[in-house]
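Novice: Submitted below is the structure of interest, expressed as C-alpha cells.
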Amino acid sequence: MREDSNNNDEPPKRELYALLHISPQASDEEIRKAYRQWAQIYHPDKQSPQMKDVATENFQRICEAYEILSDANKRQIYDIYGMEGLTSGLELGPKLDRVEEIKQELERLRRQKQDSKVLTLLPSGVILANLSLPQFLNGDGIMRGMSMTSEVQSQLSKRSLIAVGGNLAVTGESGGAATTAVLRHQISSASTIEFMASAGLQSLIGVQTSRQLSANANATMGLSMSLRDGSINLTNAWTRQMSESTSGNIELSLGEDSSISVGWRKKEEKMSAAGVIKIGTSAVGASAHYTRHFSTKSHGRVAAKVGSRALEIEVGGGRKISKFSTVRMLYAIGIQGIFWRFEFHRGGQKLVIPILLSSHLNVATAAGAFIIPTSLYFVLKSCVFKPYYLKREKQKAMEIMDRTQAEVQQARALAEKAQRLLENVANRKRSQQVETGGLVIIEAKYGNQNFLKNRFQLEDQKDELAVQVIDVTLPLNFLVNDSGQLKLHEGVKKSGIMGFCDPCPGESKRLLVEYTYGGNRYEVEVDDYEELLIPQEAHRI
C-alpha cells in the first residue's frame, strides 16, 4: 500500500486514477488494461468528423494519465504530492527508490527558496494576566500579577538555528526577569545538539542532544549547571511511537529536585488525549486532558490535575474564528478556588487571562460560574455568531464564484464535450439494463455539499447554489459494468472522472445518485472522496 502525505487539509486529488476509473492501489496490469479500454473509446480515428477535436483532446488526457501512472517513480511522486510534485523539478533516478527518499528530495527543493531568507524571524510568545474578582471587590485592584514570555527564532544556516527569548513576571510589588539563548545544530538526519544559556532568575548553562534511535523511537539527554549555586541537573527522556496515533514517553531528572514521569499521548482526527504521572522528591501528581473536535472550527476540552500540590478539574471549549486565530474559554474548580480562563491564540502568540472568581468552594458560586457563561454562549451562538458566520461564508462563496467563473465555465464545457463522446455507449448500456431489470441511473448530481444536503430547505439560495452543481447521470450510466454494478473508488476525487468537473472550487462537494434496480427505487449520497458501490439494499427507498 502506498504512503500518502499532504500538507493541505484536502486529501490528494488523484484525478488521474479517476480519469482511468481505477483504484489508487491498482496493479500495473490493471493500469494497462484500463488505458487500452479508454484509448479505444476516445481514439480520434474512431470518431465522427464533428467529434474528432473533442476526442483528440480527451485522448491526450488519457495518454498523459497512463504515462504518469505506468512509471513507478512518477506514480510514487504523484501519489504523495500530486501534479505539484511532478512539476516541481524533482529529479528522478535509481537512487530515489523509496517513498521517504522522494519526500526528502521534494522537501529539499521546497526549502531552496527558504534558504535565501536565512535571517527570517519566527516570533512566538505568551502574555498571562492574572485577575482576581474578590481582590477587586475589596478595593485592592483587579490585577493579581502579570507575566510575559517571548521568543524569536532565526535560521543561521541549513542546519543551524538560534532562538533568543526572555520572560518577565510581576506579582504585587515584586518581580523578576530572565533571558535565554539557545543554539540548535542538526548534526545529521537523526541527531541534533543544543547549547543553552540563561541569565536572570535562573542563571544557568546547559547542553542537550537528541537522537532518533529507530523509525518509532528517539531519546534526549541534557545536562545543565546553575551559575548561582553550582548545582547540576541531568535529564533523560525516551519517546516511542506505539501506533500511528499514539505515543508514550518516560523522563528521568536527577538533580536538586529529582523526579521520574511517565506520559502517554493520543491524537486522531476528531480527538486528542494525554496523561502523565510524575513522582518526585518534592511532589507527586498526575494530570490528564481530553479534547474533542466537534467540527473543523470548534472543540471541547476536559482536564484534571491531582497530587500533593494540586487538585483541579477544568471544563471548556474553543472555536476557530479565522485561519490563524482561536479563542477558548475554560471553567476550573479546585483547591485554589473557582476560575474562568480566557485564551486567545494567534499564530505563535497567545494571550491567557485567568480570572479568580472565588477563593472558597461555594456550591452556588461554582454552579453559577458554570451555568452563566454556558447559557450566554449558546444564546450568542444562536442569535449572533451563527447568523454572522453564515452570512460571511455566503459572501466568501460568492467571491469565489466570481473569481473562478471563467475557470468553471471552461471545465463545464470540457465535461459536456466528454459526455457527448460517452452518450451513445451510455444510452446503449442504459437500454440493456432497462431490458434486464438491472442498474439504471435515473438522476445523478455532483457539486455543492450544502445544496445537495439541504436542497429542499434552501429555497432562498436555490438559484445561487444550483449553478454549483453538475448533472452526471450520463457518465455514471456509462460506468455501469455488464454485471449491473457501479463502483467509484475510495480516496479519488470525483471531479476527475470523465464527464465530471469541479463546479464549485474551494467548496465541499458530494455526489447524489438516484437509481433503479430490479424494479425498485434507490437513493444514495456520498462525500467527494468516499467509495460508491451500487446497487445496495441499504439505499432502497
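Novice: Name the residue, out of S198, S147, that is over 25 Å from G222 (Cα atoms), free of Cβ contacts under 8 Å to residues at least 24 places away in the same chain and not in a loop (DSSP other than H, G, I, E, B).
Specialist: Numbers: S198 fails: over 25 Å from G222 (Cα atoms).
The conditions single out S147.
Novice: While we're looking at this one, here's another question. Looking only at region 289-319, which residues are open to solvent by 80 Å² or more (accessible area, probe 1.4 Å), part of a strand (DSSP E or B) and not hydroxyl-bearing (S, T, Y)?
Specialist: R292, K305, V306, L311, I313
Per-residue answers, yes or no, for (1) closer than 19 Å to L131 by Cα; (2) open to solvent by 50 Å² or more (accessible area, probe 1.4 Å):
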site	(1), (2)
R346	no, yes
Q349	no, yes
H360	yes, yes
A364	no, yes
A367	no, no
F370	yes, yes
F378	no, yes
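Novice: Could I ask something else about it? Going by the conditions given, is I353 touching a residue at least 40 places away in the same chain (Cβ under 8 Å), assigned to a strand (DSSP E or B), in contact with a strand residue (DSSP E or B) (Cβ under 9 Å, 6 or more places away or on another chain) and closer than 24 Å to S147 by Cβ?
Specialist: Spelling it out, I353 is indeed touching a residue at least 40 places away in the same chain (Cβ under 8 Å), assigned to a strand (DSSP E or B), in contact with a strand residue (DSSP E or B) (Cβ under 9 Å, 6 or more places away or on another chain) and closer than 24 Å to S147 by Cβ.
Novice: Does at least one position in region 143-154 carry a residue that is surrounded by fewer than 15 Cβ atoms within 10 Å (Cβ to Cβ), of a type in the set (S, T, Y) and more than 30 Å from the chain's Cα centre (by Cα)?
Specialist: Checked against the condition, which is being surrounded by fewer than 15 Cβ atoms within 10 Å (Cβ to Cβ), of a type in the set (S, T, Y) and more than 30 Å from the chain's Cα centre (by Cα), region 143-154 yields no hits at all.
Novice: Okay, moving on. Identify, please: which residue in region 161-212 is more than 38 Å from the chain's Cα centre (by Cα), among the hydroxyl-bearing types (S, T, Y) and open to solvent by 40 Å² or more (accessible area, probe 1.4 Å) and is, among those, farthest from P123 (Cα to Cα)?
Specialist: S174
Novice: Kindly list the number of the only condition in (1) in contact with a Gly (Cβ under 8 Å, 6 or more places away or on another chain); (2) farther than 29 Å from S508 by Cβ; (3) at pLDDT 90 or above that fails for E314.
Specialist: With respect to (1) in contact with a Gly (Cβ under 8 Å, 6 or more places away or on another chain); (2) farther than 29 Å from S508 by Cβ; (3) at pLDDT 90 or above, E314 is out only on (1).
Yes/no per residue for (1) over 28 Å from A217 (Cα atoms); (2) hydrophobic (A, V, I, L, M, F, W, C):
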| site | (1), (2) |
| --- | --- |
| D229 | yes, no |
| R240 | no, no |
| S245 | no, no |
| S259 | no, no |
| K267 | no, no |
| G280 | no, no |
| H299 | yes, no |
| A303 | no, yes |
| V306 | yes, yes |
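Novice: Still on this structure, I have one more. Please work out if A397 is among the aliphatic types (A, V, I, L, M), in a helix (DSSP H, G or I) and over 25 Å from the mean Cα position of the chain (by Cα).
Specialist: no
Novice: Do we have A237 as within 32 Å of the chain's Cα centre (by Cα), under 23 Å from I162 (Cα atoms) and surrounded by 14 or more Cβ atoms within 10 Å (Cβ to Cβ) here?
Specialist: The answer is yes for A237.
Novice: Contact list please: Cβ distance under 6 Å, first residue in region 305-331 and free of Cβ contacts under 8 Å to residues at least 40 places away in the same chain, second residue open to solvent by less than 40 Å² (accessible area, probe 1.4 Å) and not in a strand (DSSP E or B), pairs at least six apart or on different chains.
Specialist: Partner pairs satisfying both residue conditions: S308/A283; R309/A283.
Let's see how each residue does on (1) modelled with pLDDT under 90; (2) in contact with a His (Cβ under 9 Å, 6 or more places away or on another chain):
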position	(1), (2)
V440	no, no
E490	yes, no
P505	yes, no
E523	no, yes
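Novice: Evaluate region 406-417: report whether one residue or more is of a type in the set (S, T, N, Q) and part of a strand (DSSP E or B).
Specialist: For region 406-417, residues of a type in the set (S, T, N, Q) and part of a strand (DSSP E or B): absent.
Novice: When residues of region 15-35 are filtered for being assigned to a loop (DSSP other than H, G, I, E, B), among the hydrophobic types (A, V, I, L, M, F, W, C) and either surrounded by fewer than 20 Cβ atoms within 10 Å (Cβ to Cβ) or touching a strand residue (DSSP E or B) at 6+ places or on another chain (Cβ under 9 Å) (or both), how many remain?
Specialist: Of the residues in region 15-35, the ones assigned to a loop (DSSP other than H, G, I, E, B) are 21-27.
This time we only want the ones that are among the hydrophobic types (A, V, I, L, M, F, W, C), so: 22, 26.
Those left that are additionally either surrounded by fewer than 20 Cβ atoms within 10 Å (Cβ to Cβ) or touching a strand residue (DSSP E or B) at 6+ places or on another chain (Cβ under 9 Å) (or both): 26.
Qualifying residue count, region 15-35: 1.
Novice: Same structure, new question: Within region 119-142, identify whether any single residue is modelled with pLDDT under 55 and of a type outside the set (D, E, K, R), and answer yes or no.
Specialist: As a first pass, look at region 119-142 and keep what is modelled with pLDDT under 55: 119-120.
If we keep only those that are of a type outside the set (D, E, K, R) too, we end up with 119-120.
Yes, region 119-142 contains a residue that is modelled with pLDDT under 55 and of a type outside the set (D, E, K, R).
Novice: Still on this model: Which is out of contact with any Leu (no Cβ under 9 Å at 6 or more places or on another chain) and in contact (Cβ under 8 Å) with a residue 60 or more places away in the chain, of E393, E399, E407?
Specialist: Answer to the selection: E407.
Novice: Kindly indicate the residue of region 287-337 that is among the hydrophobic types (A, V, I, L, M, F, W, C) and closer than 15 Å to M271 by Cα and also nearest to the chain's Cα centre (by Cα) among those meeting that condition. Steps first, answer last, please.
Specialist: Initially, region 287-337 is screened for residues among the hydrophobic types (A, V, I, L, M, F, W, C), giving 288, 294, 302-304, 306, 310-311, 313, 315, 321, 324, 327, 329-330, 332-333, 335.
Of the ones still in play, those that are also closer than 15 Å to M271 by Cα are 288, 294, 302-303.
Working: A288: 23, F294: 14, V302: 22, A303: 23 Å.
It comes out as F294.
Novice: How many residues does region 243-259 hold that are open to solvent by 50 Å² or more (accessible area, probe 1.4 Å), more than 19 Å from S210 (Cα to Cα) and either touching a residue at least 24 places away in the same chain (Cβ under 8 Å) or part of a strand (DSSP E or B) (or both)?
Specialist: Result for region 243-259: 2.
Novice: Just wondering, is there one or more residues in region 461-473 that are over 32 Å from the mean Cα position of the chain (by Cα), within 23 Å of N520 (Cα to Cα) and either open to solvent by less than 50 Å² (accessible area, probe 1.4 Å) or modelled with pLDDT under 90 (or both)?
Specialist: yes
The values are calculated or read from the model by the stated rules, or taken from the named source; none is laboratory data. Computed from a prediction, not measured in an experiment: that's the story for all the values here. All Cβ positions, even for glycine, are placed from backbone atoms using ideal geometry, and neighbour counts span all protein chains on display. Quick note on the areas: whole protein, heavy atoms, side chains included, nothing else; ligands and nucleic acids left out. Shrake-Rupley method; radii C 1.70, N 1.55, O 1.52, S 1.80 Å.
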